[in-house]
Amino acid sequence: MAGQNSVNPQKPQRRKPIPVTLRLVLGLLLLIGVGSGLLLLPGVTTRPITWSEAIFTATSSATVTGLTVLTTSTDFTFLGQIILLCLIQLGGVGYMVLVAVTLQLLGRRISLLDRLHLNFIGFRQASRHLALIAASGGGHLGH
């Protein structure tokens, strides 16, 4: 044993990657949290709003549902409306693009599985939007 090197070279442990779905959910929760905080800042609304109103409005904007408990044109200042527009843009497909670009800028590779999953989510969301348009009579436009 005297001739052996006492240093035990071990392979570095690779961290288990966080699944794409969990990354998307955590990112969306972060977006909603930051958006809620921004909506509560002074000068963003024309009257004080509650935490629940801020969270609901930020969630509705980030998920592009269009539901609201406040009137955007009267309850939000111009700055508040800009924040809502940013939440809407960063929400749907904009969020997925932002994640992909950020990962590439950080030098992290996006695996084929991640790309397929993001593509599937985008297809599923587009299908849902088309179904909503057809159900609301949007298919009769121009007739």
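Just so it is clear, none of the values below were taken in a lab; they were calculated from the coordinates. Here the structure is a predicted model, which is why all the values come from computation and not from measurement. No Cβ is skipped: glycine too gets one built from the backbone with ideal geometry, and neighbour counts run over all protein chains shown.
As a footprinting exposure proxy, order Ser61, Ser73, Ser36, Ser111 by other Cβ within 10 Å, with the fewest listed first.
Ser73, Ser111, Ser36, Ser61
Multiplying the residue separation of Leu105 and Arg47 by 0.36 nm and removing their Cα-Cα distance gives an extension gain of 16.9 nm. Under 5 Å from the amide H of Phe76 lie the amide H atoms of Thr46, each residue being 5 or more positions distant or on a separate chain, with H modelled from the backbone and absent for Pro and chain starts. Were the residues from Gln10 through Thr71 laid out at 0.36 nm apart, the gain over their Cα-Cα distance would be 15.9 nm.
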